[in-house]
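The values are calculated or read from the model by the stated rules, or taken from the named source; none is laboratory data. Model, not experiment: these values are computed from the prediction. Positions of Cβ are backbone-derived with ideal geometry, glycine not excepted, and every protein chain shown enters the neighbour counts.
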Amino acid sequence: MIREGAALAQGKKVLEVGCGTGLFTEALAKSNAEIIAVDLSPVLVERARERCAGLSNVQFLVTDFESAAVSGGFDAVVGSSILQHLELPRAIEKMFLLLRPGGYLSFAEPNLLNPQVYAERRFRRFFPSVSPDETAFLRWSIRNVLLRAGFEDVRIACFDWLHPATPKPLIPLISALGSLAEVIPGVREFSGSLAISAKRPIEDATGQPD
């Protein structure tokens, strides 16, 4: 979903924010896009380099996104469950500037309307695995942030009902039920994740949106 939302393809220049162990980097690299992947953890980046060893279209940098010294002109900025760790308006504004006109933003993030996600953020002391800076989003509120930053063609889809602790034999059944829930109006609003994509407007020679 992230790859499709960013229209990744060979020759595209991509910035992946918060690459972690490189699980998504490896999958994104199959698009043959040129990927610069950043993460603030040297340990995780080392694991990502090991995972993606031999992939000539991937470069890793140890840095936090806010101070990452990367030049602009990206065709896409992507990531999974990373916006929730950032100061959202500021991060979105920087992503807008890093994208070339016509470039895409594409992320998957937790949905605050999901009962478990809400409970984890509201009652943190009972969920030690949730870090202090983790948040979650309402799709209409993050849409407004993207629009205020200047993005267009904002698309936010609710998806994901498969819990990480689901026993392996039950995965096909839960996945099938989840796919059904994702298309039922009202019910889908409570799914676990949000697929977020948006486009920086194509600009004319004066620098104004066309």
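Based on what the data block shows, is D64 among the acidic types (D, E) and touching a Leu at 6+ places or on another chain (Cβ under 7 Å)? Working first, answer last.
On the way: among the acidic types (D, E): yes; touching a Leu at 6+ places or on another chain (Cβ under 7 Å): yes.
The answer is yes for D64.
Among the candidates L61, L55, which residue alone is of a type outside the set (D, E, K, R) and out of contact with any helix residue (DSSP H, G or I) (no Cβ under 6 Å at 6 or more places or on another chain)? Break it down stepwise before answering.
On the way: L55 fails: out of contact with any helix residue (DSSP H, G or I) (no Cβ under 6 Å at 6 or more places or on another chain).
From the options L61, L55, the qualifying one is L61.
Being in contact with a Gly (Cβ under 8 Å, 6 or more places away or on another chain), outside any loop (DSSP other than H, G, I, E, B), surrounded by fewer than 20 Cβ atoms within 10 Å (Cβ to Cβ) and not hydrophobic (A, V, I, L, M, F, W, C) narrows it down to one of R3, R47, so name that one. Break it down stepwise before answering.
Values: R3 fails: in contact with a Gly (Cβ under 8 Å, 6 or more places away or on another chain).
Selected residue: R47, the only one of R3, R47 that is in contact with a Gly (Cβ under 8 Å, 6 or more places away or on another chain), outside any loop (DSSP other than H, G, I, E, B), surrounded by fewer than 20 Cβ atoms within 10 Å (Cβ to Cβ) and not hydrophobic (A, V, I, L, M, F, W, C).
Within the bounds of segment 75-83, is there any residue that is modelled with pLDDT of 95 or more and in a helix (DSSP H, G or I)?
Scanning segment 75-83 turns up at least one residue that is modelled with pLDDT of 95 or more and in a helix (DSSP H, G or I).
Among the residues of segment 85-128, count how many are surrounded by 14 or more Cβ atoms within 10 Å (Cβ to Cβ), closer than 17 Å to G5 by Cβ and not aliphatic (A, V, I, L, M).
9
Here is a check on your reading of the model: is F107 in contact with a Leu (Cβ under 7 Å, 6 or more places away or on another chain), touching a residue at least 60 places away in the same chain (Cβ under 8 Å), closer than 24 Å to E16 by Cα and aromatic (F, W, Y)?
On the way: in contact with a Leu (Cβ under 7 Å, 6 or more places away or on another chain): yes; touching a residue at least 60 places away in the same chain (Cβ under 8 Å): yes; closer than 24 Å to E16 by Cα: yes; aromatic (F, W, Y): yes.
Spelling it out, F107 is indeed in contact with a Leu (Cβ under 7 Å, 6 or more places away or on another chain), touching a residue at least 60 places away in the same chain (Cβ under 8 Å), closer than 24 Å to E16 by Cα and aromatic (F, W, Y).
Conditions tested, residue by residue: (1) in contact (Cβ under 8 Å) with a residue 60 or more places away in the chain; (2) in a helix (DSSP H, G or I); (3) more than 16 Å from E93 (Cα to Cα).
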| site | (1), (2), (3) |
| --- | --- |
| S129 | no, no, yes |
| R143 | no, yes, no |
| L147 | no, yes, no |
| P169 | no, yes, yes |
| A176 | no, yes, yes |
| L180 | no, yes, yes |
| P185 | no, no, yes |
| A198 | yes, no, no |
